[in-house]
Every structure is written in C-alpha cells, then in structure tokens.
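The next block holds one structure in the form of structure tokens; read it before the comments.
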Amino acid sequence: MSSTTAVFRVEWRKLAAQPRLRAGFAVLLIAPWLFIALVLHQDRLPVETLYGRYLKDSGFATPLVVLVFSTQWIFPLIASLISGDVFSSEDAHGTWKTVLTRSVSRGEMFWGKVAAAFTATVAAVVVLGTSATLAGVALVGSQPLVNVGGVLVPARSALGHVALSWLVVLPPVLAFAALAIAVSILTRSSVLGVLVPVVIGLVMQMYVFLNAWDTVRHVLLNSPMNAWRGLFDTPAYTDPLERGLLVALAYLAASIAISLIAFHRRDITGG
Amino acid sequence: MHPLSPRLLFLVPVATLLVSGCTPDTTRDRVEHDVTATFANQYVQSEQVQSQPLRPAQVRGTECHSGLNKTADAGPGAWHCTISWTDPAGGRHDDGYVVLVDSLGCYQAFSDEERDATVRSADGLAVPDPRVGFDGCYDVYDGRTGTSKA
Amino acid sequence: MDGEPAVRARGLTKRYGDVTAVDAMELDVPVGVAFGLLGPNGAGKTTFMRMLFGLVRPDAGSVEVFGRNVADHGVAALAPVAGFVESPRFYPYLSGRANLEVLARLDQPYGDGPDIDLVLETVDLTDRQRSRVREYSYGMVQRLGVAAALLRNPQLLVVDEPTNGLDPAGIRDMRELIARLAGSGITVLLSSHNMLEVEQVCDRVAIMRRGGIAFDGSITDLRAMADDVGYRLTTEDDRRALELCEHTPGLHRLELGLDGLRFEASQSAVEDLTRRLGAAGIGTRELAARTTALETLFFRLTESRSEVLM
Ligand SMILES: Nc1ncnc2c1ncn2[C@@H]1O[C@H](COP(=O)(O)OP(=O)(O)OP(=O)(O)O)[C@@H](O)[C@H]1O
Ligand SMILES: [Mg+2]
C-alpha cells in the first residue's frame, strides 16, 4: 500500500520534471483565452458548433464550445500523451530493471503508475475546463446562457451545468488513458502508446461523421464523451449518460485487466 | 441449466443489437418533437428580450424531412423543417428552417429567410432574434422512433 | 557458515525460444564470500542474475535468496539484495542525486540504508551529483549504479560485469571498491568474463558454460587444476622448432600460427623445451606466456565440447 503511494509520488515527480508535460499544461491554460479573444475580435461566430452562437452573449458558452472541440480529439490526445508514456518510457530508458529491483512489487508499480497517469489526465482536463470557464467569464461575462432546450439559464445554474458537463467526460477520458496504458504495455513503445489511442480516437470520430450503423456508435467512446449534452437540455435526459458510463467502464476495465496481466507476465530482458 | 440457454445467451444480445441497429438515432419523430419544443421556448425568449409583456403564441406543430435520406426520414445531415404557429393576433405562420443534425442527437436550426434578423432589446441594442437560429438536443434512446416519409 | 546460503539455484532453467540461456543450473553462493561467476559471452550469467532479481521468470527450477524463494516471496525475498544486471540505467532527465532520491523513495518500506550523501561520496560522485545523468560518462553511470545499490544497504550485492566499458583507472577503482565492500562483510556475487578480475576480487568462483556450471570451487582449487600455461614461441626456424616440439613430452595443443608456435605446457616442460632448442642449435627469438594459468583453464573449461569438468 505505502509502496503504491511511493510509486505514485515518484511518477509525479518524473512527470513534473519533463518539459514536454509542463509545456502541455501551459498550452491548456492559455489556449481558451486565445480562442475567446479571437472570437470576440471577429464579426462571425462558429454558429455550426453547439453553443457557438452564444459565445458573445454569455461567458458560459466558452467552456461548452471548448468541451465540444475537446471531445473530438483533444481529450484522446491529452490522455494518450500522458498515459501512453508512463509505462513505455521505462522501456525507452531501460529503467524497468532499475525500479523493479527496489522494494516495489509489480502490482504496486502498476497501480502506482496507473494512479499517477489518471491523476495527471484528470488534472489536465480540470485545468482546461477551469481555464476556459475563467476566460469566458473574464472576457465575456457571467450572463445567463440559453441551453439546448431554448431556455435561458441563470448564471449560477449555468456554472453548475458547465462544471457537471466537464465532470462527466472524465470516465471516457480515463478510458482513453487506460487504452493508452494497454497499448504502451503491450508494444513497449512510447510512440505507439501515444499514437495508437489518438488514431483510435480519430477512427471513432470518423465513424461518428459517417452516417453508418448507429448501434456501433453507441459502443464507441464518443457516446459517453458527448452524453453531457443531455444534462443541459430542458427537460434534461440521462439515458445517453447512463449507457455511456457503462461503455466507458467496459473500455476501462478491459484495458486495465489486459495491462495488468501483460505487465505481471512479462520478462524484463531489456535495458 | 436449460439445454438451449448457452445459445440463448448468445442470441439475445445479437438479436438486441440487430433490432436496435435497425432503429436509427436520428428519427423524424425526435427531430420534429424537439424542434417544436425548442422553438416555443426560443419564441418566449424573443419576446422577453424585447421586454414586451409576453404575447403567447401557439406552436401548432412541425414537419421535418431529411434532405439526404430519400427512403426514410432518418439519419444525420441537413434536414428541412416547417414550423407552424399562430401569433397572438391570430395570424398563422409556416416558417421554414434548415436544421443541421449531427449523429449524436444535437442540431443547429436556421430560419430560411430571416437568418440575420435582429430584435431591439430593452436597452435599445439590436440583438439576434432568438427565434431565427437556435441549437437543440434530444434523447436518441427515447420512444420516438418513427421515420415515415409521409 | 551454517544456515542458508546467500543464493541457492536448483534446476534453474530459462529458454528464449530455441535458445536455452540457463540450463538446469545448480549453484550455492555461501554467505560472506566474494563469489565470481565467470563465463564467456552468452553463457547465461546475465539471465541467471535476472532470474535472481525476479526480472525474468524461470521456466523451471527455483532461486532462493537467504532461504526465501524469489518466485514465492517476491520483493520480500529480495529485501536484502541490491545490484544491477548489464549496465545500470537511470532517468537521463533527472540529476544523479534526483535518481537516487527516487530510488530511495521506492525502497522506503524497508529503507534504513546509508544516506545519499554517503553513497555519493563512496563512489566519488559528490561533485557531479547535480548534473543530469544524460551528461554523465559511461563510468560515472556505472559508479552511480553501485551507489544506487549501496543505498539499499544490502547483505548481498549482485553486479554484472561491473568493469565493462571502464578505462584502466576506472577498472582499478571499481575492483578496489568491490573488494572493499566484500571485505566489509557483504556477500558479493560478481559476473565477469575476465579471469584476472575474478582472481583479484573473489575467493570463490563458478564457471558457466552454455547455461550450466562447468566448475564451482575456490580460487585455490582452480589454481590446482590449472597447471598448463599457453605460450608463444618464435625462433629462427619455426618448422624445425615445430618438429622438435612434437617430440617434446608435456606440450599440448601445438599449432603453427603466423606469429609463431603456440602450445600449452607446464613449467617443467617449457624448461625442457628451451634446453632442447639450444641443443638442436635453433635460436630462440621470443618465448612468451600468452595467458595465465587460470585463463588457460578457463578456455579449456568453456570451450571444450564434450567433457564436463567438475
Ligand atoms: N531477451 C532475449 N531473447 C532471446 N535470447 C536471449 C535473450 N537474452 C539472452 N538471450 C540468449 O541467452 C543466452 C545467454 O545470454 P546471457 O545474456 O545470459 O549471457 P551472458 O553470460 O550474460 O553473456 P555476456 O557475457 O555477453 O553478457 C545467449 O545465447 C543469448 O543470446
Ligand atoms: Mg551478460
């Protein structure tokens, strides 16, 4: 137990020491401000994006538009950039033998690393969501927002809905992270660990754009990624959210199970 | 255990998949129902923006057809809807809207004619009329599965 | 020296596809000795050490460390063990000190090792502790590997070819360090393909050959077996010298190479040969020992095809 915590803290320190990750967080912090500043500077609005038409009317539209964009490819990218590397970087540096000859079992190593990857992923989502909300409120204001039911929602309640929407995308985002972990454990390659989940995310996204069999789409991670939309309708509905959570949990559980088994069985021969 | 049960265990999910696979997410019933409800709310907003004492309109209904799908009114893409409503003075309106439906159960609606129409708000500013463009979402798992072209 | 040995391997086997890297290996490393594991490239030394550390799962057999089976007890069995296999590896983007801090954190549940300053001092890295490992030379990484092992305050130190790739001064320092640690009561298991190194540092030796143990005993035992030394002889007429050698008793593995005659012989046989060369009027240009006695034995043990010498 305490060893898992030790691994978690070590991973956290290693993540923080990597300039790549710090740069990534800086981008997440700044990008929403740039985005809304550019929108305010222009006459036209992205009206063909959900909530795009309200960007100048209420600051709460900013985090929702950013959320719509993020569910398409930013979240898969964030999840795999962080998680696709946490295991395979040890292969790249040949350091498995270094850390696994200390007083940490494979199980503790696994869970500590998974916990660190998930925490960093959640932190990235929280940073982006918070930054987008602050940018919207600071540069546009905290006016009431029209929801997808055509109802004007007061600021306080709109803020609550924004927070809830960003919260419920976490399970599918973590499912992507778990997918990245599985790929990076199976291939032992950081490049593939990052690339494969992003490609999977893009393929899923392309399938959504295709007008193809809807049932397949229900079991893709896009469904849970977009299930928040129903929460901000009048009346609100939660069917997609409930089903989507099951889908996300299935991806999560399958990926983690495969990863755990593969990690326990592997021989550390490199390095 | 019933001798058939292993086969049933396999068949039931497959059958469910096939049946639900035949029911599209984007159906005429869902689009019509949601556009009607959302338009009614947007109308109320339009009145409120102008700070008028609310003149209640009656939205009689909406007829929508898929522009892409020639065999059934189903599937995402550009749809066309006609919203029929009666204003407080009794005038009947049939307004055409282009409705861009995505595959995840949300859409953007744009009025055919008055796309950039504005109304004057209480403080004298010209603001976009909430009636002529709006977003909406509907539950793709509800019971409104009708896709008839008629 | 009663009780459990520091390391006990029984029937230990590891296959990689068709290659049997370690083949039914049997070995006891007594507590408190400096134990040399000798073998040519590919003999299975590293694979054995990986199994000892639990990095690689044996296909058959077991390794015990101080009486506890590594497969059953995992990290608990390995609590008194530290070291590295092949060249030590660290996070290149962290400083040497940060790497040790990270590893110390992973040791914490059992940790009461010497502090980081002390182990850095021991391996003479205090000056460069703040530099990133990326900027370290090969020898510095090797020394950091020893420091990382010492941090665990081990009762058993396992090092795989620790002088590999070091310059002569580095080799000397590393050997001195290991000898000093061995002298302080730590059991040391050291692998090498350098007989001289094992002779200098170790008091017991096992020679591995194609996954198995070809010899296991003290250095003294080994010396007793090793009587013949490899020689190279050049004369004014090597053909005649060859003929003469063929009739001299006690000369083995005689062959004529480009740089002269090569053979193995005991001391007395060589003395005899020089007398005969003189008597036959063949002028000797050079007579040199090619290998030490133990090296000759090492080659005989590890290169012979059929016989297994125990
Ligand atoms: N990961 C691996 N995959 C396939 N074969 C391997 C692997 N690791 C080792 N081997 C094979 O196992 C045998 C023993 O290798 P090992 O590395 O244990 O030898 P060694 O005694 O340490 O050699 P060296 O002195 O070169 O370090 C060799 O034939 C090697 O090719
Ligand atoms: Mg080796």
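For a label point 7 Å from the Cα of residue C:284 along Cα→C-beta, name the residues of the stretch C:217-254 whose backbone N is under 13 Å from it.
From the stretch C:217-254, the list is C:231-236, C:245.
Give me the Debye-computed log₁₀ of I(q)/I(0) at q = 0.09 Å⁻¹ for the protein assembly as shown, equal point scatterers on Cα only, no solvent, two decimals.
Debye curve over Cα of the protein assembly as shown, log10 I(q)/I(0) at q = 0.09 Å⁻¹: -0.89.
Express in whole angstrom the spacing between the alpha-carbon centres of the stretch C:173-212 and the stretch A:176-219.
51
Over all distinct Cα pairs, what is the inverse of the mean 1/r for the stretch C:163-217, reported as the Kirkwood hydrodynamic radius in Å? Spell out each step's value before the answer.
Details: mean 1/r = 0.0822 Å⁻¹.
Averaging 1/r across every pair of different Cα atoms and inverting gives 12.2 Å.
If you wrap the stretch A:108-162's Cα atoms in a convex hull and average its projection over all directions, what's the area in nm²? Mind dumping the intermediate values first?
Working: hull surface 19.8 nm².
In nm², the orientation-averaged hull projection of the stretch A:108-162 is 5.0.
I'd like the antiparallel share, as a percent to the nearest 5, of DSSP beta bridges with both residues in the stretch C:147-283. Please report the intermediate quantities before stating the final value.
Numbers: 16 of 21 bridges.
Counting only bridges with both partners in the stretch C:147-283, antiparallel ones make up about 75 percent.
I need the Debye-formula profile for the stretch C:240-290: one equal scatterer per C-alpha, no solvent, reported as log10 I(q)/I(0) at q = 0.13, 0.23, 0.28, 0.29 1/Å, two decimals.
Evaluating at q = 0.13, 0.23, 0.28, 0.29 Å⁻¹ gives log10 I(q)/I(0) of -0.26, -0.88, -1.38, -1.49.
Show log10 I(q)/I(0) for the stretch C:136-176 at q = 0.15, 0.31 Å⁻¹, two decimals, from a solvent-free Debye sum over equal Cα scatterers.
-0.34, -1.16
Take peptide B:134-147, look around each residue's Cβ out to 10 angstrom, count Cβ atoms belonging to other protein chains, and average those counts. Mind dumping the intermediate values first?
Numbers: counts 6, 15, 6, 13, 6, 9, 9, 8, 2, 0, 0, 0, 0, 0.
Mean shielding by partner chains, rounded to a whole number: 5.
What residues have an amide H closer than 5 Å to that of residue C:15, excluding those fewer than 5 places away on the same chain, when H is modeled at 1.01 Å from N in the peptide plane?
Distant-sequence amide H within range of residue C:15: C:21, C:59.
Long-range amide H contacts for residue B:112: which residues qualify at under 5 Å (H placed 1.01 Å from N, peptide plane, sequence gap of 5 or more or a different chain)?
Those qualifying (amide H under 5 Å, at least 5 residues apart or on another chain) are B:96, B:97, B:98.
Given all pairs of different Cα atoms, what value in angstroms does the Kirkwood hydrodynamic radius of the stretch B:23-137 take? Display every interim value, and only then the final one.
Numbers: mean 1/r = 0.0684 Å⁻¹.
Every distinct Cα pair counted, the radius reaches 14.6 Å.
Please state, to two decimals, what the Cα-based radius of gyration of the stretch A:121-271 comes to when divided by 2.2 N^0.38 Å (N = residues). It would help to have the intermediate numbers written out before the result.
On the way: Rg = 18.5 Å, N = 151, 2.2 N^0.38 = 14.8 Å.
Scaled against compact globular proteins, the figure is 1.25.
Reachable lysines from residue C:14, Cα under 22 Å, same-chain residues fewer than 8 places away excluded?
Cα-Cα hits under 22 Å: A:97, C:45.
Write down the percent of antiparallel bridges among all DSSP beta bridges whose residues are both part of chain C, to the nearest 5.
Numbers: 36 of 54 bridges.
The antiparallel proportion sits near 65 percent.
Compute, for residue C:178, the solvent-accessible surface of its heavy atoms (probe 1.4 Å) with the complete set of protein chains present, and express it in square angstrom to the nearest 10.
Roll a 1.4 Å probe over it and residue C:178 shows about 10 Å².
Which value, in Å², gives the accessible area per residue of the stretch A:2-264 when a 1.4 Å probe is used on the protein heavy atoms? Don't skip to the answer; put the middle values down first.
On the way: 10090 Å² over 263 residues.
Ligands and nucleic acids excluded, the figure is 38 Å² per residue.
Let me know the Rg and Dmax you get for the stretch A:168-210 when you use only its Cα atoms, in Å.
Answer for the stretch A:168-210, Rg first and Dmax second: 11.1, 33 Å.
Could you state the per residue volume, in Å³, of the convex hull enclosing the Cα atoms of chain A?
Numbers: hull volume 36.4 nm³, N = 271.
With only Cα atoms used, chain A gives 134 Å³ per residue.
Near the amide H of residue C:231, under 5 Å away, which other amide H atoms are found, from residues 5 or more places off or on another chain, if H is placed in the peptide plane?
Long-range HN contacts for residue C:231: C:263, C:264, C:265, C:290.
Over the alpha-carbon set of chain C, divide Rg by the Kirkwood Rh and report the Rg/Rh ratio to two decimals.
In chain C, Rg relative to Rh is 1.07.
Note down the relative contact order for chain C as a percent, whole number, built from C-alpha pairs under 8 angstrom at least six residues apart. The partial results should precede the final answer.
Values: 601 pairs, mean separation 60.8, N = 310.
Relative contact order comes out at 20 percent.
Compute the FRET efficiency between residue C:266 and residue C:135 as 1/(1 + (r/R0)^6), taking r as their Cβ-Cβ distance and R0 = 51 Å, and round to the nearest 0.05.
On the way: r = 52 Å, r/R0 = 1.02.
For residue C:266 and residue C:135, the calculated efficiency is 0.45.
For the stretch C:1-82, what is one quarter of the convex hull surface built on the Cα atoms, given in nm²?
Values: hull surface 21.8 nm².
Directional mean of the projected Cα hull area for the stretch C:1-82 stands at 5.4 nm².
Over chain C, with a Gaussian network built from C-alpha contacts below 10 Å, which listed residue (C:58, C:80, C:249) shows the highest mean-square fluctuation?
Largest GNM mean-square fluctuation: C:249.
Expressed as cubic angstrom per residue, what is the convex hull volume of the alpha carbon set of the stretch C:184-266?
Dividing the Cα hull volume of the stretch C:184-266 by its residue count gives 134 Å³.
Comparing C:67, C:36, C:139, which has the greatest mean-square fluctuation in the GNM of chain C with Cα pairs linked when under 10 Å apart?
Looking only at C:67, C:36, C:139, the largest GNM fluctuation is found for C:67.
Which value, in debye to the nearest 20, gives the size of the charge dipole of the protein assembly as shown about its Cα centre, when Lys and Arg are +1 and Asp and Glu are -1 at the Cβ?
So the magnitude is around 440 debye.
With a ≥ b ≥ c taken as the square roots of the eigenvalues of the C-alpha gyration tensor of the stretch A:39-167, please select rounded if a/c is under 1.5 and otherwise prolate if a/b is larger than b/c or oblate if it is not? Could the numbers behind the result be given before it?
On the way: a/c = 3.78, a/b = 2.78, b/c = 1.36.
Prolate, because a/c is 1.5 or more and a/b exceeds b/c.
The values are calculated or read from the model by the stated rules, or taken from the named source; none is laboratory data. Everything quoted here is computed from the prediction, not taken from an experiment. Every residue, glycine as well, gets a Cβ built from its backbone with ideal geometry; the counts of neighbours run over all protein chains shown. Only protein heavy atoms, including side chains, enter the accessible area calculation; ligands, DNA and RNA are left aside. Shrake-Rupley method; radii C 1.70, N 1.55, O 1.52, S 1.80 Å.
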